[in-house]
Amino acid sequence: MLIARLFLIAALALPLRANATNALPTGLFVATLLNSHPLPRIERVPSQDGWEHWFKLEEGLLTLRTDGRFIASFKYYRQHVAPKAPVRPGPLLNETYKGKFSVKGTQITFLPDPNKQSKHPPPIVGTINGDRMNIPYIVAQGQSTHPLR
């Protein structure tokens, strides 16, 4: 069972374009940073069982549409390994989320559509600062929660 979450902050950048009818940002945004480091980025986080969650984010894309819908997709590798053990990444994994988004001031809120893992996924709240967004990206793996900054 996938219980824990690793919170990964991904900075996305491209100019925000406002739609004349609803003033929502629209366009394609590309992840440039993970926890303040350029992509691709590797993170190793201790898990509750004494092992480590090894995670490498290759790519993150976010499309904001004029109708207030979003599509977010991520390409990454993930392994559960012994501490400091060498990693032999398995296949490149893909995750895609769809749903609605809203903007209030500098806050952007994503409401994912129900999926196989959750009938009521929690909202994801990020911030907009000029032409950049900071959005927490949640990866489920293991048995405990480890926020990464």
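Going by what's in this entry, would residue 139 be described as modelled with pLDDT of 90 or more, at negative phi and not in a loop (DSSP other than H, G, I, E, B)?
Answer is no for this residue.
Of all residues in the stretch 85-136, which are more than 21 Å from residue 36 (Cα to Cα), open to solvent by 100 Å² or more (accessible area, probe 1.4 Å) and in a strand (DSSP E or B)?
94, 98, 100, 104 - these are the residues of the stretch 85-136 that are more than 21 Å from residue 36 (Cα to Cα), open to solvent by 100 Å² or more (accessible area, probe 1.4 Å) and in a strand (DSSP E or B).
Quick check: anything in the stretch 68-75 among the aromatic types (Phe, Trp, Tyr), in contact with a Pro (Cβ under 6 Å, 6 or more places away or on another chain) and at pLDDT 90 or above?
Scanning the stretch 68-75 turns up no residue that is among the aromatic types (Phe, Trp, Tyr), in contact with a Pro (Cβ under 6 Å, 6 or more places away or on another chain) and at pLDDT 90 or above.
Looking only at the stretch 49-67, which residues are at pLDDT 90 or above and either over 30 Å from residue 24 (Cβ atoms) or among the basic types (Lys, Arg) (or both)?
Matches in the stretch 49-67: 56, 65.
Looking only at residues in the stretch 33-52 that are in a strand (DSSP E or B) and open to solvent by 50 Å² or more (accessible area, probe 1.4 Å), which one is farthest from residue 76 (Cα to Cα)?
46
Give 28, 62, 57 a once-over and let me know the one that is loosely packed, with under 12 Cβ neighbours inside 10 Å, in a strand (DSSP E or B) and among the aliphatic types (A, V, I, L, M).
On inspection, the qualifying residue turns out to be 28.
The values are calculated or read from the model by the stated rules, or taken from the named source; none is laboratory data. Since this is a predicted model, take the numbers as computed values, not measurements. Reconstructed Cβ throughout: ideal geometry from the backbone, glycine too, with neighbour counts over all protein chains shown. To get the accessible areas, we keep the full protein, side chains included, count just its heavy atoms, and leave off ligands, DNA and RNA. Shrake-Rupley method; radii C 1.70, N 1.55, O 1.52, S 1.80 Å.
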